[in-house]
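Below is one structure, written out as structure tokens, with a few remarks after it.
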Amino acid sequence: MRNLSYDAMIFAMECHKDQKRKYTNVPYFTHLAEVVGLLSTSYMEEKVLSIGWLHDVMEDCGVSYEILYNKFGEFIADGVKELSDLEQGNRSERKLLSRIRLANAECWVQDIKVCDIISNTSSIIEHDPKFAKVYIEEAKLLLDGLIKDDKLLLNIAIKQIDEYHKL
């Protein structure tokens, strides 16, 4: 018998099948696996891990809320929507609205976002130093508002940012 997390993983793999990670050109799936691996250090709930697998399908693949709702249910569709940067405006406006949305999110949503930041940070620092300056400042502002999240995961993300500032 399959479990929900497995079904979410297979669905996410299919949605992202033609995508590669920026800078490294490895299959995008590796980012999702890293996020879920980090997340599984604090969560074993199938629904939360499923959202970890699916966290980019609305934003990056155009999967609608309705499709997620019909396939995985309201809890997962709501969680993926909560993690999707769908705000409008210039970059500064979008990032501000995203910080407000995520600051008010449930702790497990914040934890998934922290895992996403951890997964993205080292690659951006290594491969795009110019953009890293912007990304690190945005990540720091976002992390400052994620007060409900797992402190161990948060400490990893903060350590990455601190290491960047030492460079």
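Bear in mind these aren't lab numbers, they're just calculated from the coordinates by the rules spelled out. Source: prediction; values computed, not measured. We place every Cβ from the backbone using ideal geometry, glycine too, and count neighbours over all the protein chains shown.
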Helical mean residue ellipticity (222 nm; -39500 (n - 2.57) per DSSP H run of 4+; nearest 500) of the chain: -23000 deg cm²/dmol
Distribution of pairwise C-alpha distances over the chain, 10 Å bins, in %: 10, 39, 40, 10, 1
³J(HN,Hα) computed for each position of segment 44-59 - Karplus, 6.51 cos²θ - 1.76 cosθ + 1.60, integer Hz, glycine/proline x: 10, 5, 4, 5, 5, 4, 4, 5, x, 5, 9, 4, 10, 5, 6, 5
Choice from Leu38, Leu86, Leu68 showing the highest fluctuation, given a GNM over the chain with Cα pairs closer than 10 Å: Leu86
Sequence-distant residues sharing a close amide H with Lys20 (under 5 Å, placed H): Tyr28
On Cα atoms only, tilt of 74-83 relative to the major axis of the chain in degrees: 20
Unmatched cysteines, the chain - criterion: no other Cβ of a Cys under 4.7 angstrom: Cys107, Cys115
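Are there trypsin sites (Lys or Arg not before Pro) in segment 59-158 that DSSP puts in a loop and that have at most 16 other Cβ atoms within 10 Å, and which ones?
Working: sites: Lys71, Lys81, Arg91, Arg94, Lys95, Arg99, Arg101, Lys113, Lys130, Lys133, Lys140, Lys148, Lys151; in loops: Lys148.
Those that pass, being in a loop and sparsely packed, are Lys148.
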Sorted by Cβ neighbour density within 10 Å, fewest at the top, the residues Thr30, Thr121: Thr30, Thr121
For Cys115, Cys107, Cys15, order by how many other beta-carbon atoms lie within 10 Å, fewest first: Cys107, Cys15, Cys115
